[in-house]
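Asks: Input: one structure, supplied below.
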Amino acid sequence: MKNRALFIDRDGVINHMILQKNGNFDSPQNPAQIMLVDGVVDVILLMNNLNIPVIEVSNQPGVALGKMNWQLLENIENKIHSLLNERGVHIHKSYRCFHHPESGISDLKMICQCRKPNPGLLLQATSEYKLDLEQCIILGDNATDMEAGRKIGCRTILFFHTNDLPHKIKTKETYPAEFRVRSHAEVIPILKKLFL
Ligand SMILES: [Mg+2]
Ligand SMILES: [Zn+2]
């Protein structure tokens, strides 16, 4: 039997994006900046209770772009997972892309299949977890998350949050996601409808 899963993007969905000095929102640049998004614990708890794997799929080009070293990148990731664990929930596995086409580090500079909107991370999980993609859902806050999911036939939930700049909201509004939500509280009934 093939399995179901919830793919979840990290930055902007599990933890808040952070306003940087240049006026843009970016991923947390150190563990002290991490704040969980309201309600994400309830979303993960629902999946944990149903024994449906929650699989993080995240572009993490911080090292590739010279913003941080590997240790810091891992410290941020570990802090997010330990905050979730303290709240009694867990993510089964994280699949991350560390590449970037503009990286100054030759090993990381590439056009890869794993950087969303490409579906490589989801496909890695699919073979490991024997997933039936038609019964999987991706929850993300970017059109690129939706595109990665749509390319391989999984269902899509686009998360709108207050840390979106106007140009980004415009892109998101025109993107054909199956569901659009403005809070994790709105995600719960969708997951129940699809998974129960
Ligand atoms: Mg995101
Ligand atoms: Zn990659």
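Asks: Please arrange Leu194, Leu46, Leu131, Leu19 by how many other C-beta atoms lie within 10 Å of their C-beta, fewest to most.
Replies: Fewest-to-most ranking of Leu194, Leu46, Leu131, Leu19: Leu19, Leu194, Leu46, Leu131.
Asks: Taking amide H positions as placed 1.01 Å from N in the peptide plane, with prolines and chain starts having none, which residues 5 or more places from Thr156, or on another chain, fall under 5 Å of its amide H?
Replies: It is Ile138, Glu178, Phe179, by chain and number.
Asks: Now for a different question. Using a/c under 1.5 as the rounded threshold, could you call the stretch 1-143 rounded, prolate or oblate? The axes a ≥ b ≥ c are square roots of the C-alpha gyration tensor eigenvalues, and prolate needs a/b larger than b/c, oblate otherwise.
Replies: oblate
Asks: Based only on other Cβ atoms within 10 Å, what is the fewest-to-most ordering of Thr144, Thr126?
Replies: Thr144, Thr126
Asks: Give me the angle, in degrees from 0 to 90, between the Cα long axis of helix 70-86 and the longest principal axis of the Cα atoms of the chain, rounded to the nearest 10.
Replies: Its long axis makes an angle of about 30 degrees.
Asks: Got the relative contact order for the chain handy, in percent, Cα pairs under 8 Å and 6 or more residues apart?
Replies: The normalised contact order for the chain reaches 23 percent.
Asks: So, one more: Hey, what angle do you get for helix 120-129 against the long axis of the chain, alpha-carbon based, 0 to 90 degrees rounded to 10?
Replies: Once rounded, one gets 40 degrees.
Asks: Could you run the Debye sum over the Cα atoms of the stretch 13-84, one equal point scatterer each and no solvent, and tell me log10 of I(q)/I(0) at q = 0.11, 0.13, 0.19 Å⁻¹, two decimals?
Replies: Log-scaled intensity ratios, in q order: -0.31, -0.43, -0.84.
Asks: Next question. Considering only the chain, what is the antiparallel percent among its DSSP beta bridges, to the nearest 5?
Replies: 10
Asks: Right, something else. How much net charge surrounds Tyr129 when only other residues with a Cβ under 11 Å from its Cβ are counted (Lys, Arg +1; Asp, Glu -1)?
Replies: With Lys, Arg at +1 and Asp, Glu at -1, the net is +2.
Asks: While we're on this one: Once you sort the root eigenvalues of the Cα gyration tensor of the stretch 71-182 as a ≥ b ≥ c, which label holds: rounded (a/c under 1.5), prolate (a/b larger than b/c) or oblate (the other case)?
Replies: rounded
Asks: A further question on this structure: Using a 7 Å offset from the Cα along the Cα-to-Cβ direction at both Lys170 and Leu196, what is the distance between the two label points in nm, to one decimal?
Replies: Result: 4.0 nm between the two label points.
Asks: To continue, here is another question. Please list, in chain and number order, the residues 5+ apart from Met17 or on another chain whose amide H is under 5 Å from its amide H, with Hs placed from the backbone.
Replies: Result for Met17 returns Gly12.
Asks: Once amide H atoms are built 1.01 Å from N in the peptide plane, which residues 5 or more positions from Cys97, or in another chain, come under 5 Å H to H?
Replies: Ser58, Asn59, Gln60
Asks: Can you figure out the FRET efficiency of Arg182 with Gln124, using R₀ = 25 Å and their beta-carbon distance, to the nearest 0.05?
Replies: 0.25
Each value in this text was obtained by applying a stated rule to the coordinates, not by laboratory testing. Since this is a predicted model, take the numbers as computed values, not measurements. Quick reminder, even Gly has a Cβ in these numbers, built from the backbone with ideal geometry, and neighbours come from all protein chains shown.
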